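The values are calculated or read from the model by the stated rules, or taken from the named source; none is laboratory data. Everything numeric here is computed off the predicted structure, so don't read it as measured data. Virtual Cβ from ideal backbone geometry, glycine too; neighbours counted across all protein chains shown. Note: accessible area is taken over every heavy atom of the protein model, side chains too, but ligands, DNA and RNA are not part of it. Shrake-Rupley method; radii C 1.70, N 1.55, O 1.52, S 1.80 Å.
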Amino acid sequence: MRNAEGVDATDARLLLALTESPRASVLALAERLGLSRNTVQARLSGLEARGAVRSFERRIDPAALGYPLTAFVTVQVVQRRLDEVAAALSEVPEVVEVLGLSGPTDLLVQVVARDADDLYRIAGQLLATEGVERTNTSLVMRTLVEHRLSPLLQRVAEQQRSGQSGPQ
């Protein structure tokens, strides 16, 4: 999370409940957690305001939209053009995420494609972006561990019971 306030054990329990039942109503969450409806609503609002709860988009499978291929493209850029390159990449619909990295590679770009020919087109488009010096594309063959945060949420939720504080 990107704030000093963090997530306490109650917030973690609430997020775990949402992970298990994302469509649960505030009342259902309150009953499940033994909290008042107002407490749950206030905590959800606070989590959203602090950026702890992200976009629903992350849950959508690109394959369901006709983009079954996922690839990661490492990108080296002319340093003074980094912001321009990031802005240009944000205009490519198949670019799912762009991360700035330390080390010899500047960006890690996650893309989705309809097929191999489409991936070739997208990779070419990235390479043709003004300010991009070099790219390297790796196709995702299969997902071995899905995106998950439940183990971390469980750890935070249990800290209150054991009297611990902070990450371990």
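Couple of notes before you dig in:
- Residues that are surrounded by 11 or more Cβ atoms within 10 Å (Cβ to Cβ) and either closer than 16 Å to F72 by Cβ or not aliphatic (A, V, I, L, M) (or both), drawn from the range 142-151: S150
- When Q159, Q154 are screened for being surrounded by fewer than 16 Cβ atoms within 10 Å (Cβ to Cβ), in contact (Cβ under 8 Å) with a residue 40 or more places away in the chain and touching a helix residue (DSSP H, G or I) at 6+ places or on another chain (Cβ under 7 Å), only Q154 passes.
Yes/no matrix, rows are residues, columns are (1) without any contact (Cβ under 8 Å) to a residue 40 or more places away in the chain; (2) of a type in the set (D, E, K, R); (3) in contact with a helix residue (DSSP H, G or I) (Cβ under 8 Å, 6 or more places away or on another chain):
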residue	(1), (2), (3)
L16	no, no, yes
E20	yes, yes, no
A24	yes, no, yes
A30	yes, no, yes
G34	yes, no, no
R37	yes, yes, yes
A49	yes, no, no
E57	yes, yes, no
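- Test result for R59, under 19 Å from R148 (Cβ atoms), out of contact with any His (no Cβ under 7 Å at 6 or more places or on another chain) and not small (G, A, S): yes
- Annotation: of all residues in the range 63-79 being open to solvent by 40 Å² or more (accessible area, probe 1.4 Å) and either without any contact (Cβ under 8 Å) to a residue 60 or more places away in the chain or part of a helix (DSSP H, G or I) (or both), the one that is farthest from A157 (Cα to Cα) is Q79.
- Strands (runs of 3 or more DSSP E) contained entirely in the range 88-141, each with at least 2 residues that are open to solvent by 80 Å² or more (accessible area, probe 1.4 Å) and at pLDDT 95 or above: 132-139
- Test: residue in the range 23-31 that is closer than 28 Å to Q110 by Cβ and loosely packed, with under 14 Cβ neighbours inside 10 Å: yes
- Checking each residue of the range 41-52 against the condition of being within 30 Å of V132 (Cβ to Cβ), charged (D, E, K, R) and open to solvent by 70 Å² or more (accessible area, probe 1.4 Å) gives no match.
- Filtering the range 80-121 to residues that are of a type in the set (K, R) and either touching a residue at least 60 places away in the same chain (Cβ under 8 Å) or closer than 20 Å to E57 by Cβ (or both) leaves only R114.
- Residues in the range 48-61 include none that are in a helix (DSSP H, G or I), modelled with pLDDT of 90 or more and either within 19 Å of A157 (Cα to Cα) or basic (K, R) (or both).
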